[in-house]
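Chemist: Have a look at this one.
The values are calculated or read from the model by the stated rules, or taken from the named source; none is laboratory data. In this text, all values refer to a predicted model and were calculated from it rather than measured experimentally. As a convention, Cβ positions derive from the backbone with ideal geometry for all residues, glycine included, and neighbour counts pool all protein chains shown. For accessibility, only protein heavy atoms count, side chains too; no ligands or nucleic acids. Shrake-Rupley method; radii C 1.70, N 1.55, O 1.52, S 1.80 Å.
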Amino acid sequence: MRKIFILMTICFALIAFSQTSAVSSSVLISEIKIGEEGAADNEFIELYNTTGADIDLAGWNLKKKTQSGAESNLVSSSKMAGVIPAYGYFLISHPDFKEALGADLAYSGTSYYISANNTIILYDATGNVMDKTGYGEANDFEGAVAPAPENGKSIARKITNSLMQDMDNNSADFEIKDVPDPQNIASAKLVPSSNA
């Protein structure tokens, strides 16, 4: 009886872990900048395609989750559109800064914002979590929370040997970037050296 109880406990733990962990992802959240003092809507979320094939983002969904656990759309599945090139980037911003940042897509509404201590979650067209990044004092994250981006700075995924780091641990994968570097579909591709 004790063995059955232990086995059931392990099974429940694995189920709970699988629900909170991101699936090994073909598209990663690669950089996040939250609004800054004096320009609350000067923010962006950059995505990166880890594969050698273009990926159509139609039907995907980008959401934020507050520290209290409330989840809401940044880009709804009906508004998500565009193709992220192989080993390329895709930039999403607040509508007010779409042109200034050269973003490929804007949030679905002008009242949508990301804030301190949020979690950014990317879903594919079937509702699977492709990637998520919790920063600051967020309560939902991969592994451990990423550092909080300071005013005017961003958090960006670490890159080693032209390979974007993805250890399913926000704390280990992200670092503060003093000068944000938003990249879009026209930016130079980051091709891993093994594929160059």
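For (1) out of contact with any helix residue (DSSP H, G or I) (no Cβ under 8 Å at 6 or more places or on another chain); (2) of a type outside the set (S, T, N, Q), each residue gets a yes or a no:
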| residue | (1), (2) |
| --- | --- |
| Ala58 | yes, yes |
| Gln67 | yes, no |
| Gly82 | yes, yes |
| Tyr107 | no, yes |
| Tyr113 | yes, yes |
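Chemist: Related question: Ser171 versus (1) free of Cβ contacts under 8 Å to residues at least 40 places away in the same chain; (2) of a type in the set (Ser, Thr, Tyr); (3) within 22 Å of Gly52 (Cβ to Cβ): which is the lone unmet condition?
Modeler: (3)
Chemist: What's the number of the condition Tyr112 fails, among (1) surrounded by fewer than 17 Cβ atoms within 10 Å (Cβ to Cβ); (2) modelled with pLDDT under 95?
Modeler: Going through (1) surrounded by fewer than 17 Cβ atoms within 10 Å (Cβ to Cβ); (2) modelled with pLDDT under 95 one by one, Tyr112 breaks only (1).
Chemist: If I go through the stretch 39-83 residue by residue, how many of them are surrounded by fewer than 16 Cβ atoms within 10 Å (Cβ to Cβ) and hydrophobic (A, V, I, L, M, F, W, C)?
Modeler: Matching residues across the stretch 39-83 total 7.
Chemist: Please enumerate the residues belonging to the stretch 156-196 that are within 18 Å of the chain's Cα centre (by Cα) and among the β-branched types (Val, Ile, Thr).
Modeler: Ile159, Ile176, Ile185
Chemist: Of all residues in the stretch 80-94, how many are assigned to a strand (DSSP E or B) and of a type outside the set (Ser, Thr, Tyr)?
Modeler: Restricting attention to the stretch 80-94, the residues satisfying the condition of being assigned to a strand (DSSP E or B) are 83-84, 89-93.
If we keep only those that are of a type outside the set (Ser, Thr, Tyr) as well, we get 83-84, 90-92.
Residues meeting the conditions: 5.
Chemist: Name the residues in the stretch 115-129 that are among the polar types (S, T, N, Q) and either open to solvent by 40 Å² or more (accessible area, probe 1.4 Å) or assigned to a loop (DSSP other than H, G, I, E, B) (or both), would you?
Modeler: We begin by selecting, within the stretch 115-129, every residue among the polar types (S, T, N, Q); these are 115, 117-119, 126, 128.
Matches in the stretch 115-129: Ser115, Asn117, Asn118, Thr126, Asn128.
Chemist: Go through the stretch 130-163 residue by residue and tally those that are modelled with pLDDT of 95 or more, open to solvent by less than 50 Å² (accessible area, probe 1.4 Å) and not charged (D, E, K, R).
Modeler: 13
Chemist: What number of residues within the stretch 39-51 satisfy the criterion of being modelled with pLDDT of 95 or more and either more than 14 Å from Leu28 (Cα to Cα) or of a type in the set (A, V, I, L, M, F, W, C) (or both)?
Modeler: Restricting attention to the stretch 39-51, the residues satisfying the condition of being modelled with pLDDT of 95 or more are 43-51.
If we keep only those that are either more than 14 Å from Leu28 (Cα to Cα) or of a type in the set (A, V, I, L, M, F, W, C) (or both) too, we end up with 43-45, 47.
Result for the stretch 39-51: 4.
Here's the yes/no breakdown for (1) within 29 Å of Leu163 (Cα to Cα); (2) in contact with a strand residue (DSSP E or B) (Cβ under 8 Å, 6 or more places away or on another chain); (3) assigned to a strand (DSSP E or B):
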site	(1), (2), (3)
Ile45	yes, yes, yes
Gly52	yes, no, no
Ser68	no, no, no
Leu74	yes, yes, yes
Ser78	no, no, no
Asp96	no, no, no
Ser108	no, yes, no
Tyr112	no, yes, no
